[in-house]
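Below is one structure, written out as structure tokens; comments come after it.
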Amino acid sequence: MMDLKSLFGLEGRIALVTGGSRGIGKMIVEGLLEAGCARVYIAARKKEQVDATVQELGDSVVGLVADLTQMDDIQRIADEIASREDKLDLLVNNAGAAWGEAFDKFTEAGWDRTMDLNVKAPFFLTQKLHGLLKAAASPQRPAKVLMIASIDGMKINPWPTYPYQASKSGLIQLTKRMAAELINDNIVVNGIGPGAFPSDMNRAARDNEGAVKKGIPSQRIGVTEDMAGGAIYLLSRAGDYVVGTTIPIDGGIVNANLGIGGMVDPSGK
């Protein structure tokens, strides 16, 4: 008989969630703990936020402070985990940045920070943790890497966030390419494309829910259970046969939005 607890459970797993101190990352951390992870490391840039999340979520969460746009910090985080653990079951590359400026005023600094954190960091952090992921992986229980992209990598938005949209589209393609490589080591790579979830990055969803949900087919913004559920599915046994795929968790914006504004009603009304 099928055991749903084993199918969706993460008992005893060791995980790292970048950007895990707030927003979508914190939602995923909460889900991993509820699913049974033994330890969840979180890495983020602001120490006060990391410390607050560790205090809130308890002893199973270990906080690490790092700026993942910097290669030295990427290596330091990998070394720190290797000094504490002999394997890493789950890596969630969630840390991200958005930067918006007018097209004719867009700065190189904004471009580089966004691209470095959203595309470069997931690649090199996974590379540096490859040995620990391989140590955890087997055909019966693969290790998992989860990339947190965005629906803005699947469709354009009206805001001048040029490198954000380009980086998230690039991350979706990178997910496929890394999946093709790492499946040979029993490491499964997939992604999630979040839609509107309340966070410091998506202040519109956080502060203006009424207006934002009007553009969502499901007529609501995302909540913790939506994000945690998607992550648990892909990171648990339930998602073992899904490889190289980025799933939009967005209330239907990408795949169930008719987009019929301006069209003529054939009934004549």
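This table checks each residue for (1) surrounded by fewer than 19 Cβ atoms within 10 Å (Cβ to Cβ); (2) closer than 19 Å to LEU234 by Cβ.
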| site | (1), (2) |
| --- | --- |
| GLY9 | yes, yes |
| GLY25 | no, yes |
| ASP72 | yes, no |
| GLN75 | yes, no |
| ARG84 | yes, no |
| ASP104 | yes, no |
| ALA109 | yes, no |
| ASP112 | yes, no |
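Within the stretch 232-252, residues that are part of a loop (DSSP other than H, G, I, E, B) reach partners that are small (Gly, Ala, Ser) and surrounded by fewer than 20 Cβ atoms within 10 Å (Cβ to Cβ) with beta carbons closer than 6 Å, at six or more positions or on different chains, in the pairs GLY251/SER218; GLY252/SER218.
Evaluating ALA228 against the criteria (1) at pLDDT below 95; (2) within 28 Å of ARG113 (Cα to Cα); (3) small (Gly, Ala, Ser); (4) assigned to a helix (DSSP H, G or I) leaves one unmet condition, (1).
The set of residues from the stretch 167-177 being in contact with a strand residue (DSSP E or B) (Cβ under 6 Å, 6 or more places away or on another chain) and surrounded by 22 or more Cβ atoms within 10 Å (Cβ to Cβ) comprises LEU171, THR175.
Given the criteria farther than 26 Å from SER169 by Cβ, outside any loop (DSSP other than H, G, I, E, B) and either at pLDDT below 95 or not aromatic (Phe, Trp, Tyr) (or both), does GLU11 qualify? Taking the combined requirement at face value, the residue does not satisfy it.
The values are calculated or read from the model by the stated rules, or taken from the named source; none is laboratory data. Because the structure is predicted, anything quoted here is derived from the model rather than measured. Glycine gets a Cβ as well: all are built from the backbone with ideal geometry, and neighbour counts include every protein chain shown.
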